[in-house]
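Take a look at the structure below.
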There are 2 protein chains.
Amino acid sequence: MKEKQNTLFVGSLAKGLKLLRAFDETATEMSLTDLARRTGLDKSATQRLANTLHVEGMLDKDPETKRFRPSHAWLELAYAYFWSDPLVKQAMPQLIDLSQRLGSTVNLTELSGDHIIYVSRLPNGSSQFSATLVGRRLPALNASAGRAMIATWSPEERQHVVDTWPIQQFTPKTTTDRDVIRAGVEEAAQMGYATTQNQMILNQTGIAAPIIGPDGRAHAAVQCSVSSHHWSFDRIQEELLPYILDAALTIAPQSRGGY
Amino acid sequence: MKEKQNTLFVGSLAKGLKLLRAFDETATEMSLTDLARRTGLDKSATQRLANTLHVEGMLDKDPETKRFRPSHAWLELAYAYFWSDPLVKQAMPQLIDLSQRLGSTVNLTELSGDHIIYVSRLPNGSSQFSATLVGRRLPALNASAGRAMIATWSPEERQHVVDTWPIQQFTPKTTTDRDVIRAGVEEAAQMGYATTQNQMILNQTGIAAPIIGPDGRAHAAVQCSVSSHHWSFDRIQEELLPYILDAALTIAPQSRGGY
DNA sequence: ATAAAGAGTATCATATTATGATATCTAGTC
DNA sequence: GACTAGATATCATAATATGATACTCTTTAT
């Protein structure tokens, strides 16, 4: 077996993780053979690894169907993450405050490679299910939060990022033209915040303010989602923006190290 | 090395998981030696496993301090969990609705062994930091949510559980007398909901309604926390309870399998 | 300034541990 | 009642993980 490099890389552990990561929106519970298929591992390996995961409490196993599912331990890991991320402690009170004041959905997002990830979500009003869940990742260029972050970087970095980072089409109106995205990012750099429309969900407007780190660059943002029906640009600018910007500023202090 | 049983148990994987679970409220980032100490694994093993975890993106490593921290992948696992748990999809809209209507903190909790775990939290108003985080576990007997669930079980089960499950003292006023807890559970069985005061945090009242499964037994609950200063029992009963009970009822359908 | 300590990193020979092919058992289908 | 698909168990083999040791680097103390 060649696996990855050598000697300070434990193949079995990596394979075990592969099993964990095989679960997603589409695969929420899996039989042994499902797991084997999905991970590309052979039957026996899957059997042993899945069993280990089960014994260790990382996978629940339905005694009837013999299918595996994520266990509560997955939430405990998230809990540990929240404690480990100083930004969360820093931001939580502000976000709650903001959520109540605005009565809209408020999110804390961080940069994760070339994607953003929702670290904390305070949903308000009816949203898509997935729009209420922590841990969701989106291409940074598609999201208002991502653009707000990138906008705080140097012109060269912005250029490079807009040219190379991935884009994904979510709605018929999702911007796929990089020049249009570039314009959005540059505007955000001017204004100090970013807005998007119809990017993830039709008739949804996103407003995001960067949480700027000690080096002047952001890799986190406060983000807010509202319905474009109820919220004109003017109204957003008057009733939402000041508070969002203020929250982002208050949270600002130090953030996380590199990724 | 004896590890656990044999042949369908992969020791290296179990050890790797041990590293992940070494992180908690108190240990939010750790050096190699910290990890070794905390897990009881030897230096070399820790080195190899931590490195594997790092390469696989499960642990971030500060290039300066060489310390390890949970990565964003931990949140992605939580995301997968949310999709796998039918109750979450079922409950989310109701919880958001409830949160807005009551203006108070609303939680979805599930039973996890003899503890409850917060699966979804919609904080409102200022709370303790830990009271805003998904994934937190509490002894079921201490929590209103736990008592509300247990109250739906048979008298024999209730008896056994109240006698044997763990209790922990969080505040000077936390109930540690099992007979008092028993009374609380029995009352909850009568009323169809449970309330507690000063159990986790002083001057905090918890109200919980069981989410009853197809077999008539609950292992999940809708829970709400309010300040005892602002909320008299009468007011709670009039302004909160009906909605909480209604939400729990609406969510009810089918829940998860055994644990 | 120099030594000592502490922590991170790298190497290597050994056998323990994971491997995966095969066989058996169980449950649903036609 | 025969057939299929999936879950579970067994086992000989060598490939893989092991952990002792040695090497570097940075920090603290003398």
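Some values worked out for this structure:
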item	result
Exposure ranking of A:THR175, A:THR52, B:THR65 by accessible area [1.4 Å probe, largest first]	B:THR65, A:THR175, A:THR52
Rounded Å value of the spacing that divides the Cα centres of the range A:183-235 and the range B:1-77	37 Å
Computed magnitude of the charge dipole of chain A (debye, nearest 20; Cβ of K, R +1, Cβ of D, E -1)	920 debye
Pairwise Cα inverse-distance average, inverted: Kirkwood Rh of chain B (Å)	20.1 Å
R0 of 45 Å, Cβ-Cβ distance B:THR171-A:ARG101: FRET efficiency to nearest 0.05	0.90
Cβ charges +1 (Lys, Arg) and -1 (Asp, Glu), total dipole of the range A:11-71, debye	260 debye
Charge dipole (debye, nearest 20) of the protein assembly as shown; +1 at Cβ of Lys and Arg, -1 at Cβ of Asp and Glu	1540 debye
Label-point gap, in nm, between B:ARG217 and B:THR26 - each point 7 angstrom along Cα→Cβ	3.4 nm
Surrounding net charge for A:THR26, when Lys and Arg each add one and Asp and Glu each subtract one, Cβ distance under 12 Å	-3
Cα gyration tensor shape for the range B:11-71, rounded if a/c is under 1.5, else prolate or oblate	rounded
Proximal charge balance of B:VAL134 [Cβ under 13 Å; K/R count +1, D/E count -1]	+1
Residue with peak Gaussian network fluctuation, chain B [Cα springs, cutoff 10 Å], from B:LEU77, B:LEU138, B:LEU95	B:LEU77
Shape call, the protein assembly as shown: gyration tensor on alpha carbons, a/c limit 1.5	oblate
Label geometry 7 Å along the beta-carbon vector: B:ARG37 inter-copy distances in nm	4.9
Rounded accessible area of A:ILE201 (nearest 10 Å², 1.4 Å probe)	50 Å²
Sum of -39500 (n - 2.57) over DSSP H runs of 4+, divided by residues of chain A (222 nm, nearest 500)	-12000 deg cm²/dmol
At least 20 Å along the helix axis (C-alpha) and Kyte average at least -1.0, DSSP helices within chain A	A:86-102
Charge sum, other residues only, whose C-beta stays under 12 Å from A:TYR243's C-beta, Lys/Arg counted +1 and Asp/Glu -1	-3
Which listed pairs, of A:LYS15/A:LYS89; A:LYS61/B:LYS89; A:LYS89/B:LYS173; A:LYS61/B:LYS66, have C-alpha distances above 31 Å, in listed order	A:LYS15/A:LYS89; A:LYS61/B:LYS66
At 7 Å out from Cα toward Cβ: B:THR7 inter-copy label distances (nm, ascending)	3.4
Copy-to-copy label separations for B:SER227, where each label sits 7 Å from Cα toward Cβ, in nm and ascending	3.2
Selection from A:ALA218, A:MET200, A:TRP231, by position along the positive dipole direction of chain A (Cβ)	A:MET200
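The values are calculated or read from the model by the stated rules, or taken from the named source; none is laboratory data. If you're wondering where the values come from, they're calculated on a predicted model, not measured in any experiment. Virtual Cβ from ideal backbone geometry, glycine too; neighbours counted across all protein chains shown. Ligands, DNA and RNA are excluded from the accessible area calculation, which covers all protein heavy atoms including side chains. Shrake-Rupley method; radii C 1.70, N 1.55, O 1.52, S 1.80 Å.
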